[in-house]
Structure formats: C-alpha cells, structure tokens
1. Report the residue count in the stretch 148-161 for those that are over 14 Å from the mean Cα position of the chain (by Cα) and modelled with pLDDT of 95 or more.
2. Within the stretch 69-84, track down each residue that is open to solvent by less than 50 Å² (accessible area, probe 1.4 Å) and closer than 16 Å to residue 115 by Cβ.
3. Identify the residue in the stretch 18-40 that is free of Cβ contacts under 8 Å to residues at least 40 places away in the same chain, open to solvent by less than 40 Å² (accessible area, probe 1.4 Å) and assigned to a loop (DSSP other than H, G, I, E, B) and, among all such residues, is nearest to residue 57 (Cα to Cα).
4. Tally the residues that are farther than 18 Å from residue 57 by Cα, of a type outside the set (Gly, Ala, Ser) and either touching a residue at least 12 places away in the same chain (Cβ under 8 Å) or open to solvent by less than 20 Å² (accessible area, probe 1.4 Å) (or both), restricting the search to the stretch 115-161.
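The values are calculated or read from the model by the stated rules, or taken from the named source; none is laboratory data. Please read these numbers as outputs of a predicted model, since none were measured by experiment. Cβ sites come from the backbone with ideal geometry, for glycine too, and all protein chains shown count toward neighbours. Areas reflect the complete protein model, heavy atoms only, side chains present, ligands, DNA and RNA absent. Shrake-Rupley method; radii C 1.70, N 1.55, O 1.52, S 1.80 Å.
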Amino acid sequence: MKILLLMLLTLTSAIAHALPEQVVLIRHAEKMTGKDPELTPQGQQRAQRLATLLAPLNPDLLFSTNYNRTKQTLAPLSAKVSVPVQLYDPRALADFATQLKAYSGTIVVAGHSNTTPELVKLLSGHAVSIHEDEFDKVFIVSWEEGKAVLEKRHSNESKAQ
C-alpha cells in the first residue's frame, strides 16, 4: 500500500509541475473601428505573416478572445496548422494563466493591448507593455528548470526562433 501511495504522489507531483514547452502571446493585428471591429487589410497581412512566423513552432493549442479582431488574427495560423481556435475569457486572466500552465506543447494566445501584457506577467513575472498603436510584439514564455524565461520578438521578423 505504501508503494502505491508513493507512486500516486510521484505521479501527482509530476503532473502538478508539468509546464508547456512555450506560450506565445500576441496582440491582435491592426483593426478597423467600431464595437467589434474586423481586421484592416494591413491587419490581414499581419495575420498572414504571423501564420508564417508561428507555424514552424507547431502549435498544439490556439486561444483567442471572442472578438472578431483576435479570432481573425489567428485564423490563418489555424488553417495552416489545422488546429482550431479555442476561446478564453479576458476578464479571468489569472484562471486562464493557471489553465495554460497545465497544458503541454506549444500554445499561441491572441489578446489585446491590455490583456496580453497582463497575461505575460502572470505567466512569467516579467512586466511588458503594448502601446495602443503597436501590433507587432510577440512574447514567448518558456520555462527552464521551472523558471520562466521571456523572449521578445516582432511579427515583422522572418522567423520566431
């Protein structure tokens, strides 16, 4: 019985400390105006560029808020890697960060100028900012020996790694 209990504790501990390989966090691409705007032609081009940039990472999961601009930003990547976009609630970022840390593989999350920096902070402990007119920042959070590492990229670059 002690051996079984020890095995269960070991397994539970391993699962509790499992972290994704990396979480890639982006803000939606350039948007039109209005209540729930769609992407501008420039934003559509950026979404295509992001798909080209991020597809080689072979994402296992894609997450977006339930807004046209975030869903449209991930749509080309979703089509390219055949991974559906799942929705998350940007008003529950702490819970979402905990959920993300329980997954494995590579995860891409599309958010907003206010939610993406907050999610980066929750996942990595690092403070970042995105100005209202910035759409090109890409943040990659990974873990080395359980410690978060933050890499900053731009969607104007040719490759993510």
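1. Count: 2.
2. The answer is 69, 70, 73, 74.
3. In this case the residue turns out to be 40.
4. Selection size over the stretch 115-161: 15.
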